[in-house]
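Peer 1: Here you go, one structure.
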Amino acid sequence: CSSLKDLMDFDKMGFDTEQIAPDSENTLIPGHMITGYKMKFRSIFTLFDYDKAGQEAMLKYEEKYHIPSIHLHAEKDLSDTVAKYGLLKIRNMLLPIMEGKLKLITT
């Protein structure tokens, strides 16, 4: 995710996940850390802001680390989207997207 407030909203949705946020979307997490995450977790994806900086950051992670991204075509960021539409609606919107990303990794 792109910020602490996004992490907190993602956590409130009750997914069985762990989340991290880099210092900024312009700060690429080092490769050795990504390698460790890939060894620890069965799937990893990015969910950054839906603005130019966030979209460019997600593309960098896809190109450099082969990490898929989740695009919420709604408000600027996850927390704004949750504030406008509610936790349950966004959780229900994210669940099939996340499951689809997981199927791509396990097949």
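The values are calculated or read from the model by the stated rules, or taken from the named source; none is laboratory data. Remember, predicted model here, so these are calculated numbers, not experimental data. Cβ atoms come from the backbone with ideal geometry, glycine included; neighbour counts cover every protein chain shown. The area values use the complete protein model at the heavy-atom level, side chains included, leaving out ligands, DNA and RNA. Shrake-Rupley method; radii C 1.70, N 1.55, O 1.52, S 1.80 Å.
Peer 1: Identify, from the list 41, 45, the residue that is out of contact with any Lys or Arg (no Cβ under 9 Å at 6 or more places or on another chain) and among the aromatic types (Phe, Trp, Tyr). Even if it seems obvious, please write down each step before you answer.
Peer 2: Values: 45 fails: out of contact with any Lys or Arg (no Cβ under 9 Å at 6 or more places or on another chain).
Testing whether each residue is out of contact with any Lys or Arg (no Cβ under 9 Å at 6 or more places or on another chain) and among the aromatic types (Phe, Trp, Tyr) leaves just 41.
Peer 1: Take the residues in the range 43-97 that are open to solvent by less than 30 Å² (accessible area, probe 1.4 Å), assigned to a loop (DSSP other than H, G, I, E, B) and not charged (D, E, K, R); name whichever of them is farthest from residue 11 (Cα to Cα). Steps first, answer last, please.
Peer 2: Quick first cut of the range 43-97, residues open to solvent by less than 30 Å² (accessible area, probe 1.4 Å) only: 46-49, 54, 57-58, 61, 65, 67, 69-70, 72, 77-79, 81-82, 86, 90, 94.
Remaining after also requiring assigned to a loop (DSSP other than H, G, I, E, B): 47-49, 67, 70, 72, 77, 86.
Right, trim to not charged (D, E, K, R) and you get 47-48, 67, 70, 72, 86.
On the way: 47: 13, 48: 15, 67: 20, 70: 16, 72: 17, 86: 14 Å.
Among those residues, the one meeting the criterion is 67.
Peer 1: Same structure, new question: Name the residue that is most open to solvent (accessible area, probe 1.4 Å), counting only residues in the range 9-37 that are in contact (Cβ under 8 Å) with a residue 24 or more places away in the chain and assigned to a helix (DSSP H, G or I).
Peer 2: 12
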